[in-house]
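Novice: Got a structure for you, written out below as structure tokens; questions coming shortly.
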Amino acid sequence: MNSDTFTRELSVPSVLCPFPVTYDERAADRADAEITAWALGLDLFPGQRSELDGYRFGTFAALTHPDAVDHDHLMLAARNITALFAADDHYCDEGVEGVRLAMSASRLAASLTALENGPRLPDCPSVEGFVSNDPVARALRETAEHITRLGTAAHVGRLRHETTATFLAMAAENAWRIAGHVPDPAEYLAHRKYNGAMACLVLIDVVGGYELPVRDWEEPGVRSLSLAASLMIMLVNDLYSVAKESADIGSHSLPTVLSARHGWTLERSMLATGELHDRLMRAYLRMEPEIARRASPELARYLTGLRHWMRGNLEWHTITGRHNHREGRPTPKTGPHGPVHDRIEVDVHDLAAVGVCPHCGDLHTTATAAA
């Protein structure tokens with residue numbers, strides 16, 4: 001990739017996200033300062049110390065959890081977000097923290113022991129030695145201790161489950177890189193909704209000071225909304241991080257996968273990714289009222305929390321130094337109308353222009369695309 005690629009701006013399409021931004025700026029600033037100190041104290045991101053303040057992980061938590069009970073609950077979300085980014089950078093990203101990809105799956109799996117919060121068994125000396133010597137495992141352990149203090153056994157179990165799924169998805173992506181495999185769009189999307197966001201959405205209720213009953217958490221319609229929200233969150237990440245990922249050989253995002261599959265320019269693939277996001281959002285907005293009509297008070301709050309997460313995630317991606325104005329990388333830039341549009345109804349001519357299936361992300365005929 002030539003130097004022009006690293007200096008040019010990449011145009012990020014506006015996406016449909018018709019929810020308001022709501023957050024406490026002072027709470028965000030306080031969380032930013034504390035989460036940076038926490039990360040430095042654990043020796044996370046040693047190759048990015050000069051940039052860490054600009055990542056604004058505390059603001060990320062404040063934007064996505066405006067209903068946090070208090071600062072302590074907000075910091076649980078901030079720690080979890082930071083630990084997940086650290087796992088990606090320390091275990092999966094060759095270009096940042098000197099990762100050995102061949103060992104990434106092993107390290108991801110081993111670090112899961114840090115989430116266990118029960119009585120220590122006879123294997124403790126060796127296991128605890130690993131946790132104490134690995135910065136990411138220590139971050140996960142402190143996050144597990146934090147949620148144990150604030151939440152219920154169900155909260156802890158759900159975090160453990162979704163983090164395990166996230167690490168499995170991370171390991172799958174690393175397997176693609178090791179094998180030099182470029183997944184097709186359907187394979188990529190099947191994995192993407194598990195790769196990060198679900199392990200954050202699982203904290204919506206505990207950070208808000210309540211527990212979503214298991215009958216609601218596991219209800220198929222609720223699960224569908226959660227996974228759809230997760231995928232849209234990750235597609236936004238793909239759009240804004242494609243500048244970062246395009247500088248890392250072997251990294252994958254939906255735009256790079258579409259370009260590899262169809263021979264499209266990166267810009268066209270970014271437009272197609274934005275279109276897929278919007279189709280998902282329209283489907284989400286059609287389905288949500290059906291679930292909300294029979295919602296318990298806790299489920300009603302959770303559905304609001306999903307909206308906060310989708311909108312807050314988008315806002316954070318436009319301001320974080322993790323994806324914007326990084327030396328040696330292209331800069332994502334939104335159009336004149338900003339990161340969000342509010343066109344709920346689809347224009348059939350817009351759909352036909354790109355022709356990407358809303359289910360698999362693959363190229364279809366014009367007639368199929370407009371259906």
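Novice: Please give the FRET efficiency for residue 71 paired with residue 267, using the beta carbon to beta carbon distance and R0 = 35 Å, rounded to the nearest 0.05.
Specialist: 0.25
Novice: For the residue pair residue 300 and residue 153, what label-to-label distance in nm results when each label sits 7 Å from Cα along the Cα-to-beta-carbon direction?
Specialist: 3.0
Novice: Report the full-extension gain for the segment residue 116 to residue 128: residue separation times 0.36 nm, less the Cα-Cα distance, to one decimal in nm.
Specialist: That pair, residue 116 and residue 128, stretches by 3.2 nm at full extension.
Novice: For residue 12, which sequence-distant residues (separation of 5 or more, or a different chain) have an amide H within less than 5 Å of its own amide H, given hydrogens modelled in the peptide plane?
Specialist: Here 333, 334, 335 satisfy the definition.
Novice: Enumerate the calculated ³J(HN,Hα) couplings along segment 104-110 in order (Karplus 6.51 cos²θ - 1.76 cosθ + 1.60, θ = phi - 60°), each rounded to whole Hz, writing x wherever the residue is Gly or Pro.
Specialist: Taking θ as phi minus 60°, the curve returns 5, 4, 4, 5, 4, 5, 5 Hz for segment 104-110.
Novice: Which far-off residues, 5 or more places away or on another chain, put their amide H under 5 Å from the one on residue 341, with H placed in the peptide plane?
Specialist: Under 5 Å from the amide H of residue 341 lie the amide H atoms of 15, 16, 17, each far enough along the sequence or on another chain.
Novice: Could you please rank 296, 50, 104, 226, placing first whichever residue has the fewest other Cβ atoms within 10 Å of its Cβ?
Specialist: Fewest-to-most Cβ neighbours within 10 Å comes out as 50, 296, 226, 104.
Novice: Another one. Can you sort 36, 265, 143, 113 by how many other beta carbons sit within 10 Å, fewest first?
Specialist: Final ranking by Cβ density, sparse to dense: 265, 113, 36, 143.
Novice: How far apart, in nm, are the 7 Å Cα→Cβ label points at residue 341 and residue 24?
Specialist: Inter-label distance under the simple model: 3.6 nm.
Novice: Which value results for Rg/Rh of segment 140-292 when Rg is the Cα radius of gyration and Rh the Kirkwood radius based on the inverse mean 1/r?
Specialist: Here Rg/Rh amounts to 1.01.
Novice: Also, I was wondering about something else. For 291, 344, what ranking results if the residue with the fewest other Cβ atoms within 10 Å of its Cβ goes first?
Specialist: Final ranking by Cβ density, sparse to dense: 344, 291.
Novice: Could you work out how far apart the two model spin labels at residue 210 and residue 106 are, taking each label as a point 7 Å from the Cα in the direction of the beta carbon, and quote it in nm?
Specialist: 4.6
Novice: May I pose another question? If I stretch the segment between residue 190 and residue 224 completely, what's the gain in nm (0.36 nm per residue apart, minus their alpha carbon distance), one decimal?
Specialist: Gain in length upon complete extension: 10.9 nm.
Just so you know, all these numbers are worked out from the coordinates, no wet-lab data involved. This one's a predicted model, so the numbers in the text were calculated from it and none came from an experiment. Methodologically, a virtual Cβ is constructed for each residue, glycine included, from the backbone with ideal geometry; neighbour enumeration extends over all protein chains shown.
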